[in-house]
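Read the structure below first, then the notes.
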Amino acid sequence: MAKTVEGLYYSESHEWVKVEGNVAIVGITDFAQHAMGDLSYVDMPEVDDELEKGEEFGAVESVKAASDLYSPVTGTVVEINEELEDAPELLNQDAFANWIMKVEMSDPSELETLMDAAAYEAMCANE
Amino acid sequence: MKYYDKLIFDLSKAGRQGYSLPVNRWERSVSELPAGLLRSDVPALPEVSELDVVRHYTNLSQMNFGVDSGFYPLGSCTMKYNPKINEEIAAMPAFAGLHPLQPASTVQGALRLYKDLAHALSEITGMAQFTLDPFAGAHGELTGLMVIRQYHMSRGDLKRTRIIVPDSAHGTNPASAAVCGLEIVQVKSNAAGLVDVEDLKPLLDDTIAGIMMTNPNTLGLFEKEIKEIAALVHECGGLLYYDGANMNPLMGVVRPGDMGFDVLHLNLHKTFSTPHGGGGPGAGPVGVAAHLASHLPVPKVMEAEDGTLYIADGSCRCESAPEGAGAFGPACGCKPECTCGCQSCGQISGFMGNFGVLLRAYTYILMLGKQNIKMVGPLAVLGANYIKESLKDCFKLPIPTVCKHEFVFDGLLDQSTGVTTLDIAKRLLDYGFHAPTIYFPLLFHQAIMIEPTETESKETLDGFIEIMRHIAAEAISDPESLKTAPHTTPVRRLDETTAARQPVLRYRDM
């Protein structure tokens, strides 16, 4: 079983969200990086991009496959993790320590539609 | 490593050559060209003798693996044997010597063959008309989607910008739709591996241009509810696109046109035994129902009243066409159903497709004939089910129903050994088989997709089954030999991750 971190929010499409004030820090879960295998590329949004909840904001690519990333919240991108441009393997090394983007949320109540760690683990157990 | 396995650049010796050019008898010389057009350095080409070239490339070709050298069960690719008579016909000087710019009056035979092949494909698929212009399957997809877009636009129905693609689709489907400017909407598969009709229903509205389906789908399963799906999509005003990648099991048995599809493409290099060119020439003919025929691309072969064949280029040929109206579309004032070429979705290739490939497919159809072509599908289905049933006690079979021409395992039944699908695929190479398709479709994490095709004997299938069982046993007794496989190929296990992260693309960078 892949690990999860308590206190984060989780989406059905395997993104995690850590909330700091009105900013959502978004990454992919350990389950997702494990399923993808060694990542070779992370396609990220640009700062100031406006995202709807559920909208595609980028993609991760591995030797096996490419998978789109979906924004778990609505808001504006305020920062992206530029380190991933040259070192996508950071997501394989620690998916929770390495975030992909930070989003200024326009509707924090959307967080209520996401899962907690236990619910996410239960969902993964069925995949 | 053998001496001649070196890169051709490593065999190079300054001044060595395998050619002799005649003395320049003309008075002009390249030095008369403007200085800005001349290159400053001599191109870095290898300098080798003719014998060096022959040995180097002969050795390289012997490292290759093809259908002519062994069993090639690559799922979704239909790697059937390509009969040698196809090559013989395509090499006939009367065909091979044709030039695409010859006047139509001098190539009436070739144009007739083009029309006859299109007619045969219409018979096999139940579509009204075909274009043979597209150069590959994905090119056919784009062409078919352009026809769909043109159809909606010609009716002034401009809201239809979204296309539905199942989650089991080939990656080319959403890619082609994106290139065509359509927005992709995904529909999920149900537990039986088929399109979930209940998931589909809420997606259908007046913004839907159509749905792209593969039937049988990527899991090798026949979409049994296709009639209901067709009715639902048509009801909302959308069209049905059939991805012909998996046409092989249905040929001569069921016709996509009868299932309700409006547009389809065929992969001649899959179903109709033309070479999978290793990136070389392919062909992806597109067939359409009668109401879409006027939107097929140009150039297209047309028949005059006296039986003469000519090539329509898209400019309006109707008497009512205003002077200088030019090519393509509504400028000439014709109705959307005008068949002169002016309502075409445009031009998608310089000339009329890969004629050499079309010849091979035509030969294949005529050699099989109407009766034998019906045997292809059942034999392909029998072979796939035989392998599936013979291996399901060693490999995990997520969907245990009868399959069509291919099926998907989800890795080994006993996954405690840590042996992955990649290890199994690599180990197969040691035993002289090409690996099946792996890690596709994405519905399963350890997918192995096997398609034997109809051209393999029972003995070959038995040989493959025996080796697959042997590998399953090795996974328990000697997993290390799998994790380090292959051991007997010209190159061993490649570091694919580093190759993807830091690709070395030039000889000089090595």
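The values are calculated or read from the model by the stated rules, or taken from the named source; none is laboratory data. The structure presented is a predicted model; accordingly, all values stated were derived computationally and were not measured. No Cβ is skipped: glycine too gets one built from the backbone with ideal geometry, and neighbour counts run over all protein chains shown.
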Considering only the range B:429-440, state which residues are of a type outside the set (Phe, Trp, Tyr) and surrounded by fewer than 22 Cβ atoms within 10 Å (Cβ to Cβ). B:Leu429, B:Asp430, B:Gly432, B:His434, B:Ala435, B:Thr437, B:Ile438
Just one of (1) farther than 30 Å from B:Val376 by Cα; (2) assigned to a helix (DSSP H, G or I) trips up B:Arg112, so point out which. (1)
Going by the structure shown, is A:Thr29 more than 22 Å from A:Glu121 (Cα to Cα), among the hydroxyl-bearing types (Ser, Thr, Tyr) and modelled with pLDDT of 95 or more? no
Take the residues of the range A:28-50 that are buried (at least 22 other Cβ atoms within 10 Å of the Cβ) and assigned to a strand (DSSP E or B): which is farthest from the other protein chains (Cβ to nearest Cβ)? A:Ile28
Please verify whether the range B:442-462 includes one or more residues that are touching a Pro at 6+ places or on another chain (Cβ under 9 Å) and surrounded by fewer than 13 Cβ atoms within 10 Å (Cβ to Cβ). no
Please go through the range B:122-141 and give me each residue that is more than 19 Å from B:Ile311 (Cβ to Cβ) and in contact (Cβ under 8 Å) with a residue 24 or more places away in the chain, ordered by number. B:Ser122, B:Ile124, B:Thr125, B:Gly126, B:Met127, B:Ala128, B:Ala136, B:Gly137, B:Ala138, B:His139, B:Gly140, B:Glu141
Tell me yes or no: at least one residue of the range B:450-473 is within 16 Å of A:Val63 (Cβ to Cβ) and in contact with a Lys or Arg (Cβ under 8 Å, 6 or more places away or on another chain). no
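Those residues that are part of a loop (DSSP other than H, G, I, E, B) and either more than 30 Å from B:Lys188 (Cβ to Cβ) or within 14 Å of another protein chain (Cβ to nearest Cβ) (or both), I need them from the range B:436-474; list them, please.
Scanning the range B:436-474 gives B:Tyr439, B:Phe440, B:Pro441, B:Leu442, B:Leu443, B:Phe444, B:His445, B:Gln446, B:Glu454, B:Thr455, B:Glu456, B:Ser457.
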Would you confirm whether any residue within the range B:77-97 is farther than 22 Å from B:Tyr362 by Cβ, surrounded by fewer than 16 Cβ atoms within 10 Å (Cβ to Cβ) and either among the small types (Gly, Ala, Ser) or over 25 Å from the mean Cα position of the chain (by Cα) (or both)? no
Apart from one, (1) out of contact with any Gly (no Cβ under 8 Å at 6 or more places or on another chain); (2) at pLDDT below 95 all hold for B:Ala136; the odd one out is (1)
Top-ranked residue of the range B:388-426 - restricted to ones that are of a type in the set (Val, Ile, Thr) and in contact with a Phe, Trp or Tyr (Cβ under 7 Å, 6 or more places away or on another chain), ranked as nearest to B:Met468 (Cα to Cα): B:Thr421
Test: residue in the range B:406-420 that is of a type in the set (A, V, I, L, M) and within 14 Å of another protein chain (Cβ to nearest Cβ): no
When you check B:Ala500 against the structure, is it part of a helix (DSSP H, G or I) and at pLDDT below 95, yes or no? yes
Could you grab the pairs with beta carbons closer than 9 Å, sequence gap of 6+ or different chains, first residue in the range B:21-43 and modelled with pLDDT of 80 or more, second one among the polar types (S, T, N, Q) and assigned to a helix (DSSP H, G or I)? B:Leu38/B:Ser31
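Taking the stated definitions as given, is B:Ser320 modelled with pLDDT of 95 or more and more than 20 Å from B:His152 (Cβ to Cβ)? Steps first, answer last, please.
Numbers: modelled with pLDDT of 95 or more: no; more than 20 Å from B:His152 (Cβ to Cβ): yes.
No: the conditions fail for B:Ser320.
With the requirement that a residue be among the aromatic types (Phe, Trp, Tyr) and touching a helix residue (DSSP H, G or I) at 6+ places or on another chain (Cβ under 7 Å), what does the range B:115-142 give you? Step through it out loud before you land on a result.
Of all residues in the range B:115-142, those among the aromatic types (Phe, Trp, Tyr) come to B:130, B:135.
Listed by number, the list holds a single entry, B:Phe130.
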The correct count of residues that are within 14 Å of chain A (Cβ to nearest Cβ) and either closer than 24 Å to B:Lys2 by Cβ or of a type in the set (Asp, Glu) (or both) in the range B:482-503 is 5
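Just checking, how many residues over the range B:334-357 are of a type outside the set (A, V, I, L, M, F, W, C) and closer than 9 Å to B:His295 by Cα?
Selection size over the range B:334-357: 7.
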Tell me yes or no: at least one residue of the range B:260-273 is assigned to a loop (DSSP other than H, G, I, E, B), under 10 Å from the mean Cα position of the chain (by Cα) and either within 20 Å of B:Arg360 (Cα to Cα) or modelled with pLDDT of 95 or more (or both). yes
Does B:Thr143 satisfy the condition of being within 18 Å of the chain's Cα centre (by Cα), among the β-branched types (Val, Ile, Thr), over 30 Å from B:Asp68 (Cα atoms) and buried (at least 23 other Cβ atoms within 10 Å of the Cβ)? yes
Count of residues meeting criterion [buried (at least 17 other Cβ atoms within 10 Å of the Cβ) and part of a helix (DSSP H, G or I)] in the range B:219-245: 5
Restricting to the range B:215-274, what's the tally of residues that are within 30 Å of B:Tyr81 (Cβ to Cβ) and of a type in the set (Asp, Glu)? 3
Within the range A:106-127, the count of residues that are surrounded by 11 or more Cβ atoms within 10 Å (Cβ to Cβ), farther than 30 Å from B:Arg501 by Cβ and touching a Ser or Thr at 6+ places or on another chain (Cβ under 7 Å) comes to 5
Give the range A:51-96 a look and list any residue that's out of contact with any Ser or Thr (no Cβ under 9 Å at 6 or more places or on another chain), assigned to a strand (DSSP E or B) and within 14 Å of chain B (Cβ to nearest Cβ), or say none. A:Ala66
Out of all the residues in the range A:97-122, which are free of Cβ contacts under 8 Å to residues at least 12 places away in the same chain and not in a helix (DSSP H, G or I)? A:Ala97
Here is a check on your reading of the model: is B:Ala485 farther than 24 Å from B:Ser76 by Cβ and in contact (Cβ under 8 Å) with a residue 12 or more places away in the chain? no
Taking the condition of being within 20 Å of A:Val47 (Cβ to Cβ) and touching a strand residue (DSSP E or B) at 6+ places or on another chain (Cβ under 6 Å), how many residues in the range A:92-124 meet it? 8
